[in-house]
Amino acid sequence: MSNVTVCVRFRPLSSKEKRDMGDNICIQSFDSENFIIKDEKEEGFTFSFDKVFYEESKQADVYEFLVLPIVRDAVNSINGTIIAYGQTGAGKTYSMEGPNILESDERKKGILPRVVDGLFACIKTSADSTKYTIKLSMVEIYMEKVRDLFDLSKDNIQIKESKTQGILLSGATEISLLDPTEALQSLSSGIANRAIGETQMNMASSRSHCVYMFTLNQQSLSEKRVKSGKLVLVDLAGSEKVEKTGAEGRVLEEAKTINKSLSALGNVINALTCGSPAKANHIPYRDSKLTRLLQDALGGNSRTALLCCCSPSPSNASESLSTLRFGARARHIKTSPLIKVN
Ligand code: ADP
């Protein structure tokens, strides 16, 4: 049984891509799960995923297929993780946040505001005899350091493992969320603290991995015991190759660190899918902060969804292929049955 659902989302062509290549796209023969993508030498590669969202797809479609089942499970104390992967400009942040985290147009709202609404809606319909609390921590992994986005003075948060709660952000600020409006304000203030760099990919791109950790505690009035579920959303930094971005100096160092942690993520996925029991005992989670933080998500104790974001333009075909190969590999992760964390 695989706990990782892998979907692909192709965003609409950008105006630059249209200027450079017209309306051409590199995808062919597509349906809701399969497609062929052509590389720059016109060679075709076939891919199959749990679901493929094309450029006309709606934010609500992505949320309902990929995220809502995980939100429902989190309310029942089953941990969940949602990861957005892809090159800079491929639509990770648009999918996660929407055009803006405080976007008022319902249709454009991204995964995060929908998660907030979804969590509060699930709680509202739950039995009166159960008391819920929702807390949020937000960190970014920048140059292999974990920074608290709610308190920038905490710039070296340690990732620890607890027997009962799994992977934890030790000492990170946790904000209690009382209603959806307040939750969005908190998310907005954390997002404003992210490190933003400019690359020649023609847009402001985030040079850090951003991690949103919701913790749901549930206490039945008849019992003392508190059950908890974690919902972790990760907006990864861009996966493009350094050469194409024209990066220099600090931006080059950032890109190298990003590539290193994404390679570490790839190595963990390879180790989890290699099928050899000897290697399976040796999963290199400790090779980067990112893989350490995602240890629960990838190693079994979480329902995990991966959204591979791609450009449909022939000019980005090699980056899209690399993203799709990463997603195809992750689809083969086989983990043990999920357990509820109490
Ligand atoms: P990334 O986070 O992967 O670097 P962004 O999410 O910032 O990329 O997307 C790059 C640009 O493409 C943004 O201007 C964004 O609004 C636009 N975009 C991305 N995905 C979509 C989509 N599905 N529909 C419309 N515009 C999109």
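Every read-out reported here was derived from the displayed coordinates using simple, explicitly stated rules and does not represent laboratory data. Quick caveat: nothing in here was measured; it's all calculated off a predicted structure. Cβ sites come from the backbone with ideal geometry, for glycine too, and all protein chains shown count toward neighbours.
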- Message: If you fit an axis through the alpha-carbon atoms of helix 111-124 and take the longest principal axis of the Cα set of the chain, what angle between them do you get, 0 to 90°, nearest 10?
- Response: 20 degrees
- Message: For Glu253, Glu319, which order do you get if you count the other beta carbons within 10 Å of each Cβ and list the fewest first?
- Response: Glu253, Glu319
- Query: In degrees between 0 and 90, to the nearest 10, how far off the longest principal axis of the chain does helix 180-192 point, with axes built from Cα atoms?
  - Reply: 50 degrees
- Message: Can you tell me which of His209, His332, His282 moves the most in a GNM of the chain? Springs connect C-alpha atoms under 10 Å apart.
- Response: His282
- Measuring from the longest principal axis of the C-alpha atoms of the chain, the long axis of helix 317-330 (C-alpha) lies at a number of degrees, nearest 10, equal to 40 degrees
- Note on the structure: Quick note, the stretch 71-147: a/c under 1.5 would make it rounded; otherwise a/b > b/c is prolate and the rest oblate (a ≥ b ≥ c, C-alpha gyration tensor); here it is oblate
- Note on the structure: Around Ile83 (Cβ within 11 Å, Cβ-to-Cβ, excluding Ile83; K/R +1, D/E -1) the net charge comes to 0
- Length gain on complete extension for the stretch Asn34 to Asn76, per 0.36 nm per residue less the alpha carbon to alpha carbon distance? 11.9 nm
- Summing -39500 (n - 2.57) over the DSSP H runs of n ≥ 4 in the chain and dividing by its residue number, what mean residue ellipticity at 222 nm do you reach, to the nearest 500 deg cm²/dmol? -9000 deg cm²/dmol
- Message: Test of understanding: in a Gaussian network model of the chain with alpha carbons linked when under 10 Å, which of Gln59, Gln219, Gln87 would top the mean-square fluctuation ranking?
- Response: Gln219
- How large is ³J(HN,Hα) for each residue in the stretch 30-45, as worked out from phi by the Karplus curve 6.51 cos²θ - 1.76 cosθ + 1.60 (θ = phi - 60°), to whole Hz, x for Gly and Pro? 9, 9, 6, 10, 10, 6, 10, 10, 9, 7, 5, 8, 6, 7, x, 10
- What is the fewest-to-most order of Arg114, Arg225 by other Cβ atoms lying within 10 Å of their Cβ? Arg225, Arg114
- What shape does the stretch 61-115 take by its C-alpha gyration tensor, where a ≥ b ≥ c are the square roots of the eigenvalues and a/c under 1.5 counts as rounded, a/b above b/c as prolate, and the rest as oblate? oblate
- Three-way shape label, the stretch 103-202, alpha-carbon gyration tensor, a/c 1.5: oblate
- Item | Percent RCO, i.e. relative contact order, over the stretch 61-218, from Cα pairs under 8 Å lying at least 6 residues apart | 24 percent
